[in-house]
Amino acid sequence: MVAIGRRSGPLEEAAAGHGRITPLAADITADGEPERIVRAVRETHDRLDVLVSNAAIVRAGALGDLTQEAASAQLATNLVAPLLLTQAALPLLAASGGVIVNVSTSVGQRAWPGNSVYAATKAALELLTRSWAVEPAPRGVRVVAVAPGAIDTPIGEHQGLTAGTKCRRAGVAAGGHAAGADRPPGGGGLGGRPTCRSCRVVRHRGGAPGRWGEQSWR
């Protein structure tokens, strides 16, 4: 597995103790980076079975307050970068009969006032997924998307959101759940912190990259 991100520190931390994870610091929006990433994967593993496009940024702003920098940055990271990386990786994926997984979001299918550009980039990524599901199919490449609800990661912290804030925005009291809200089997999430359908918050399991405390309930 090759884990890619802008900052080497978190990558090294995530890979620590996992000998099969190779961290690779890269800015996927920079010129030539998609090709460099694919070359690194080829040199390290000589094949690529699954490409997960998970990178995304949020720059809040309501209509009338949006800046060109904020809009362009979101388009570059959330839409153009996965497009170019997928295109660069396509020969390797075709050789292995691989799978492309695009990570969208539930707000790509509904309005999110104050974050319309982010939601639009994810809606566009889903449309790309539908088209790509057909285009490389003759080459044996499958393309799918997943659209989770809110996930408790630093992307929310960068927006000034906490888990409690997310719950309150969903009509759930901080630290609690809406009356009668359905809960996952077993009555709780990671560390005794349950997740309900009203909240749609999924907390990340610390220490084990790529594993989640529970699924998003939608």
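The values are calculated or read from the model by the stated rules, or taken from the named source; none is laboratory data. This one's a predicted model, so the numbers in the text were calculated from it and none came from an experiment. Positions of Cβ are generated from backbone atoms using ideal geometry, with glycine treated the same way; all protein chains shown enter the neighbour counts.
Inclusion of Thr153 among residues that are in contact with a strand residue (DSSP E or B) (Cβ under 9 Å, 6 or more places away or on another chain), closer than 28 Å to Leu63 by Cβ, surrounded by fewer than 19 Cβ atoms within 10 Å (Cβ to Cβ) and modelled with pLDDT under 95 is warranted. In the stretch 65-102, of all residues being aliphatic (A, V, I, L, M) and touching a strand residue (DSSP E or B) at 6+ places or on another chain (Cβ under 6 Å), the one that is surrounded by the most Cβ atoms within 10 Å (Cβ to Cβ) corresponds to Ile100. For the stretch 7-38, a residue qualifies if it is farther than 18 Å from Leu51 by Cβ and charged (D, E, K, R), and the qualifying residues are Arg7, Glu12, Glu13, Asp31.
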